[in-house]
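The values are calculated or read from the model by the stated rules, or taken from the named source; none is laboratory data. What you are looking at is a predicted structure, and each value in this text was computed from that prediction instead of being measured. Cβ sites come from the backbone with ideal geometry, for glycine too, and all protein chains shown count toward neighbours.
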Amino acid sequence: MKSVFLRITLQQYANMLKRVIRKGFYGLPFDKEAYREHVLGAMGGTYDGFFRCRYCRGYFTLEQIAVDHANPLSRGGGAELDNLEFPCSPCNSRKGSMRPDEYIRLLLFLDTQIPMAKTDVLNRLEISVALAAADRMRKAKEKRLQSSLMTAAS
């Protein structure tokens, strides 16, 4: 179990580091070991622990969760450990760049006002967030390609 934990947390840390640098930060204000301690604490101190998604209230393993900046970097949230949370991957995809309180209010609205449409709305939200992320990545790739072509032409 420990080897799985080490492998997954290394990948999560590396992905997070790439993401914050891409967003204009100079790196993470914590190292890999501090991140692992934080994750292990969230798992109840055991390598075979689990997480409870704060949104859907389901239980998930380390392989099934996402590492999320609760207050999104794009909306002024920090890259510190205390801004990290571990929702399940579907809830994280649906949440997108909403703050936790906004997403919880959306879930409450769906539960109380239009419960029959909740699943459909959340599925569509998950798809639209994924499409928007893919479009942002495509545009960034085009921008890098244009930049390299202009540099080569100079």
**OP:** Residues being modelled with pLDDT of 85 or more and either of a type in the set (Gly, Ala, Ser) or touching a Leu at 6+ places or on another chain (Cβ under 9 Å) (or both): count how many of those fall in region 125-154.
**Re:** 5
Original post:
If you take the residues in region 14-65 that are under 15 Å from the mean Cα position of the chain (by Cα) and among the hydroxyl-bearing types (Ser, Thr, Tyr), which one is farthest from residue 103 (Cα to Cα)?
Top reply: 35
Original post:
Restricting attention to region 39-72, which residues are charged (D, E, K, R) and either at positive phi or touching a residue at least 12 places away in the same chain (Cβ under 8 Å) (or both)?
Top reply: 48, 54, 57, 63, 68
Original post:
With 13, 26, 35 as the choices, which residue is aromatic (Phe, Trp, Tyr), surrounded by 15 or more Cβ atoms within 10 Å (Cβ to Cβ), without any contact (Cβ under 8 Å) to a residue 40 or more places away in the chain and not in a strand (DSSP E or B)?
Top reply: 13
Original post:
residue 117: within 15 Å of the chain's Cα centre (by Cα), without any contact (Cβ under 8 Å) to a residue 24 or more places away in the chain and either within 22 Å of residue 61 (Cα to Cα) or surrounded by fewer than 12 Cβ atoms within 10 Å (Cβ to Cβ) (or both), yes or no?
Top reply: no
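Are any residues in region 1-10 among the aliphatic types (A, V, I, L, M) and either under 17 Å from residue 27 (Cβ atoms) or part of a helix (DSSP H, G or I) (or both), and if so, which ones?
4, 6, 8, 10
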Original post:
Residue check, residue 111 against (1) under 23 Å from residue 122 (Cβ atoms); (2) surrounded by fewer than 16 Cβ atoms within 10 Å (Cβ to Cβ); (3) in contact (Cβ under 8 Å) with a residue 40 or more places away in the chain, all met but one. Which one?
Top reply: (3)
Original post:
Just to be sure, is residue 122 touching a residue at least 12 places away in the same chain (Cβ under 8 Å) and of a type outside the set (Lys, Arg)?
Top reply: yes
